[in-house]
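First the structure, in the form of structure tokens, and then the observations on it.
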Amino acid sequence: MCKMTMSTLMRGVRNLTARRGYSPSPSSFMYCLFSSSSDVVSGAAAGVADVAVEKVLVYSDARPSPVKPVIPTLLQPRVVVYDGVCHLCHNGVKWVIKADKYRKIKFCCLQSKAAEPYFRVCGVEREDVLRRFLFIEGPGSYHQGSAAALKVMSYLPLPYSALSTLMIIPTPLRDAVYDYVAKRRYDWFGKGEDCLVLQEKEMLERFIDREEMLDQSQSDL
């Protein structure tokens with residue numbers, strides 16, 4: 001019985017090595033002979049598993065799923081999207097540009113087409129931004145209303161960045177004051193026909209929609 005088992009095991013080892021495409025060396029073959037029967041059986045099982053895996057890899061009809069290309073985004077961080085025809089908003093933008101000596105903040109008029117990708121990314125409509133301006137801080141991070149204003153302050157140098165500490169005021173209270181002024185801004189400060197930045201073109205270098213606005217101004221001539 002022992003002879004029969006050993007001969008069966010030896011034959012199994014030969015078959016496995018032949019199927020894997022190589023011949024065992026005498027030393028490796030002797031190692032198999034002098035290993036315990038459990039080692040040989042487990043080795044044989046592992047060999048069978050390997051062969052099975054190889055068959056799957058070689059003969060499988062499955063095709064690898066195509067890798068979706070990564071589409072680069074041209075959306076920029078730290079962008080203020082605001083009402084470009086509002087005199088109050090325009091003066092606020094002029095103030096930020098003057099204070100932002102490290103040029104961290106960029107701007108975009110909500111009336112331009114360049115603003116539309118930012119609306120989609122943030123899940124807001126143009127009408128929402130008319131009520132509360134939008135600040136896109138980075139991927140997955142945007143703010144509106146009073147929070148947007150204070151986040152913009154945080155990117156300015158001292159002493160202006162100290163104003164961002166007003167975040168400790170509860171949001172409902174901050175937004176109540178913001179909304180009160182925003183609803184009356186046209187009556188109090190006036191409204192232009194087109195984006196007011198076109199009247200001060202030296203500011204355009206900070207606008208991501210400057211080419212669109214310049215083309216529009218040329219076509220209006």
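The values are calculated or read from the model by the stated rules, or taken from the named source; none is laboratory data. Predicted, not measured: the structure shown is a model, and the values here were computed from it. Here the Cβ is made from the backbone with ideal geometry for all residues, glycine too, and neighbour counts use every protein chain on show.
Details
- Flag for VAL80 being at pLDDT below 95 and either outside the structural domain of ASP215 (by TED's automatic domain parsing) or of a type in the set (Val, Ile, Thr) (or both): no
- Helices (runs of 4 or more DSSP H) within region 152-221 that include 1 or more residues within 32 Å of the chain's Cα centre (by Cα) and of a type in the set (Phe, Trp, Tyr): 171-183
- Selection from region 115-128 of residues that are of a type in the set (A, V, I, L, M, F, W, C) and crowded, with 20+ Cβ neighbours inside 10 Å: ALA115
- Pairs meeting the criteria (first residue in region 160-176 and under 16 Å from HIS143 (Cα atoms) and touching a residue at least 24 places away in the same chain (Cβ under 8 Å), second residue in a helix (DSSP H, G or I) and not acidic (Asp, Glu), beta carbons under 7 Å, at least 6 apart or on different chains) are THR171/ALA147; ARG174/SER146; ASP175/GLY145; ASP175/SER146.
- Here is the figure for region 163-178: residues that are at pLDDT 95 or above and within 21 Å of LYS94 (Cα to Cα) total 1.
- Residue within region 189-207 that is closer than 17 Å to GLY92 by Cα, out of contact with any strand residue (DSSP E or B) (no Cβ under 8 Å at 6 or more places or on another chain) and modelled with pLDDT of 95 or more present: no
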